[in-house]
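Notes follow once the structure below has been shown.
Read-outs: derived from the displayed coordinates by stated rules, not from any lab. None of the values given here were measured: they were computed from a predicted structure. All Cβ positions, glycine included, derive from the backbone under ideal geometry; neighbour counts span all protein chains shown.
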Amino acid sequence: MTIPESLIAHWDESTATATSWGTVSWLINQVTTESAEQTFGVVTINPGQSNPLHLHPNCEEILYVVSGTCAQRIGDATTELSPGMAVCIPRRTPHCGRAVGTERMVAVVSFSSPDRQTVNLEDGDMA
């Protein structure tokens with residue numbers, strides 16, 4: 001028995017949404033995978049850029065850095081994340097990330113809801 005193709009996602013086949021600060025590719029969510037109970041994707045932030053301060057009212061977020069370095073703000077605190085590090089961002093907690101250095105930051109992100117909601121807390125595009 002093989003796994004149904006409807007349950008498999010390929011990053012290189014996903015459509016990346018371009019923003020002023022990087023890209024977002026959603027591989028699994030309620031739109032791409034009908035039975036999904038989570039949201040899963042890949043985010044890139046260009047060197048020196050930051051995504052807007054935002055929060056997720058309906059889910060927590062786990063961010064895992066694959067490459068590059070990120071100054072991650074969560075609430076009023078900031079920490080630097082490097083490849084191999086993960087952080088759990090609680091529901092309704094303002095956060096944003098900025099790529100530090102000359103390399104773009106690539107992270108895998110997972111949300112505890114298939115219909116991740118986002119509230120943008122500043123001007124700027126949000127995917």
With 0.36 nm assigned to each residue of separation and the Cα-Cα distance removed, Ala18 to Leu53 gains 10.9 nm
Rounded to one decimal in nm, the spacing of the 7 Å Cα→Cβ label points at Ser82 and Glu60 is 2.6
Computed Rg/Rh for the chain (Cα atoms; Rh = Kirkwood radius) stands at 0.97
Expected sort for Ile3, Ile45, Ile89, Ile8 with the fewest Cβ neighbours (10 Å cutoff) up front is Ile3, Ile8, Ile89, Ile45
Between Gln38 and Glu103, Cβ-based FRET efficiency (R0 41 Å, step 0.05) works out to 0.90
About its Cα centre, the chain carries a charge dipole, from +1 on Lys and Arg Cβ atoms and -1 on Asp and Glu Cβ atoms, whose size in debye to the nearest 20 is 300
Placing +1 on each Lys and Arg Cβ and -1 on each Asp and Glu Cβ in the chain, then taking the dipole about the Cα centre, the residue among Ala107, Ile62, Pro94 whose Cα reaches farthest towards the positive end is Pro94
